[in-house]
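The values are calculated or read from the model by the stated rules, or taken from the named source; none is laboratory data. If you're wondering where the values come from, they're calculated on a predicted model, not measured in any experiment. Don't worry about glycine lacking a Cβ; one is built from the backbone with ideal geometry, like all the others, and counts go over all protein chains shown. The area values use the complete protein model at the heavy-atom level, side chains included, leaving out ligands, DNA and RNA. Shrake-Rupley method; radii C 1.70, N 1.55, O 1.52, S 1.80 Å.
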Amino acid sequence: MCGKFTQRLNEEEGARAASALAVETVTPMRFATVLRLGRDGGREAVRLRWGFVPADAPDQLAYGAKFIHARAETIDVKPTFRDAFARRRGLVLVSSFNEGKEITPKKTEQYVVTPREADRVAIAVIWERWGGPSPVPLETFAMVTTPPNALIATITDRMPAVLDEADWAKWL
């Protein structure tokens, strides 16, 4: 399952995210740029940490790496994800994502998946704000996963939920 992706932000997106990133490789527990709806209803680019921490979690470190993915088939009923699915959705625009094919229990063969017809694709995510004892809230996200398409099925049994641009508004 996807455990790494790359983001390539254009100048406008980089400015909105308060960062002048050209290409960034993102792994769990690192920050990525996520598009979501702002308070005014318009889209905003924000930096969130990959590794979903439920709002009521007593300790953010115990949860972050545990929930990097949320299965599309159960996201609306699992207590951990249900509220975020209903109210806090986003998109991660990626230039590539990695998938690993298990060779042995301790060895995987890594594949870098890049879009064929575009420079990037949008992956559905859900996000959460964790307050905890910190004076600054931590905003985190989990990538939504689905059963694989025919290409990814040759590598693994899950893949990120990739959305066509025509479906972005509906998801958000």
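Tell me whether region 135-143 contains one or more residues that are under 28 Å from V23 (Cα atoms) and in a loop (DSSP other than H, G, I, E, B).
Within region 135-143, the first condition is being under 28 Å from V23 (Cα atoms), and the residues that meet it are 136-143.
Next, only the ones that are in a loop (DSSP other than H, G, I, E, B) stay: 136-137.
Yes, because at least one residue in region 135-143 is under 28 Å from V23 (Cα atoms) and in a loop (DSSP other than H, G, I, E, B).
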Next item on the list: Output the residues belonging to region 44-85 that are open to solvent by less than 30 Å² (accessible area, probe 1.4 Å), over 20 Å from G3 (Cβ atoms) and not in a helix (DSSP H, G or I).
Entry: A45, V46, P54, A57
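For residues that are touching a strand residue (DSSP E or B) at 6+ places or on another chain (Cβ under 8 Å) and free of Cβ contacts under 8 Å to residues at least 24 places away in the same chain, scanning just region 25-43, find the one that is most open to solvent (accessible area, probe 1.4 Å). First the steps, then the outcome.
Filtering region 25-43 down to residues touching a strand residue (DSSP E or B) at 6+ places or on another chain (Cβ under 8 Å) leaves 25-38, 43.
From the residues that got through so far, the ones that are free of Cβ contacts under 8 Å to residues at least 24 places away in the same chain too are 25, 30-31, 38.
Details: T25: 84, R30: 142, F31: 91, G38: 14 Å².
Ranking the qualifying residues of region 25-43, first place goes to R30.
Do we have A57 as in contact with a strand residue (DSSP E or B) (Cβ under 9 Å, 6 or more places away or on another chain) and either under 23 Å from G42 (Cα atoms) or at pLDDT 95 or above (or both) here? So that I can check it myself, show each step before the final result.
Values: in contact with a strand residue (DSSP E or B) (Cβ under 9 Å, 6 or more places away or on another chain): yes; either under 23 Å from G42 (Cα atoms) or at pLDDT 95 or above (or both): no.
Spelling it out, it is not the case that A57 is in contact with a strand residue (DSSP E or B) (Cβ under 9 Å, 6 or more places away or on another chain) and either under 23 Å from G42 (Cα atoms) or at pLDDT 95 or above (or both).
Pull up region 2-20, narrow it to residues that are open to solvent by less than 50 Å² (accessible area, probe 1.4 Å) and assigned to a loop (DSSP other than H, G, I, E, B), then point me to the one that is modelled with the highest pLDDT.
Here is the first cut: in region 2-20, the residues open to solvent by less than 50 Å² (accessible area, probe 1.4 Å) are 2-3, 5-7, 9, 13-14, 17, 19.
Right, trim to assigned to a loop (DSSP other than H, G, I, E, B) and you get 2-3, 9, 17, 19.
Numbers: C2: 70, G3: 81, L9: 65, A17: 47, S19: 49.
Filtering region 2-20 for residues that are open to solvent by less than 50 Å² (accessible area, probe 1.4 Å) and assigned to a loop (DSSP other than H, G, I, E, B), the one modelled with the highest pLDDT comes out as G3.
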Margin query: Could you go through region 129-152 and let me know if any residue there is more than 19 Å from A32 (Cα to Cα) and of a type in the set (V, I, T).
Written below: yes
